[in-house]
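Step one of this worksheet: look at the structure below.
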Amino acid sequence: MLRFLFYLVVVKPLVLVILGINARGREFLPEHGPAIIVANHNSHLDALALMSLFSLKIIQDVHPVAASDYFLKNHWLKWFALEVIGIIPIERKAPAGQDVLAPIFEALDQNAILILFPEGTRGEPENMGKLKNGIGHILSERPDIPVIPVFFYGLGKSLPKGEALLVPFFIDAFIGEPLKWLGNRKTFMAELSEKMTQLQHKAVRLASDKYD
């Protein structure tokens, strides 16, 4: 109930009304899990923007994957992250012998729709950094799960890394066709990187046309 209310009262008005978001390719978003959404990471609002693209009837199945050392570092932040946002926490530096991706596999096996930012950290506004290959490892273990690439343009200007003041800026989201496991981590990561680059180029061309 807390997640539902937060989504309805905070996320939807913030992203869709105050900022505004124009999503292209909504038909590629999954209607149920298990599935993985991957996106560029430029803002504190990235996860909320992605959550806003889903309908109320499935929002309880949508979970951002986030670092436990940051989001579980104090009692109140831990409660908010787990109970309201609904993150799947993972250890960035797990003890020897512990699989850092185990919580992800468990969530996927329970038909979750996971939000991942494979850059690993927030990057420069409207750019895509090098992707870490953790997503390739996940797919090698769960090869039937679709991966949907998403590129946001504008969020890096609304609330970029290092800033605390929200600046209203219209957001464009480009959603690509689901990718499937290609049988090889290197091949899959190359395909994912190429698809993200294509979406980025579409976003840049659109922005150029808008402001020329």
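Numbers for the structure displayed
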| read-out | value |
| --- | --- |
| Trypsin sites (Lys or Arg not before Pro) restricted to DSSP loop in the range 1-37 with at most 13 other C-beta within 10 Å | none |
| Amide hydrogen neighbours beyond the local backbone of Ile88, cut-off 5 Å, H modeled | Val65, Ala66 |
| Cα lying deepest toward the dipole's positive end in the range 2-211, options Ile90, Leu108, Val150, charges on Cβ | Val150 |
| Loop-located GluC sites (Glu not before Pro) in the range 30-105, at most 14 other Cβ atoms within 10 Å (DSSP) | Glu31 |
| Local net charge near Ala107, Cβ-Cβ under 12 Å (Lys/Arg +1, Asp/Glu -1) | -2 |
| Electrostatic dipole magnitude of the range 2-211 [Cβ: Lys, Arg +1; Asp, Glu -1; Cα centre; debye, to 20] | 360 |
| Range of Cα positions in the range 55-106 per principal axis (Å), largest first | 40, 26, 10 |
| Quotient of Cα Rg and 2.2 N^0.38 Å for the range 2-211, N being how many residues it contains | 0.97 |
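Every number in this text was worked out from the coordinates using simple rules, so none of it is lab data. Computed from a prediction, not measured in an experiment: that's the story for all the values here. With ideal geometry, Cβ positions are generated from the backbone for all residues, glycine too; neighbour counts draw on all protein chains shown.
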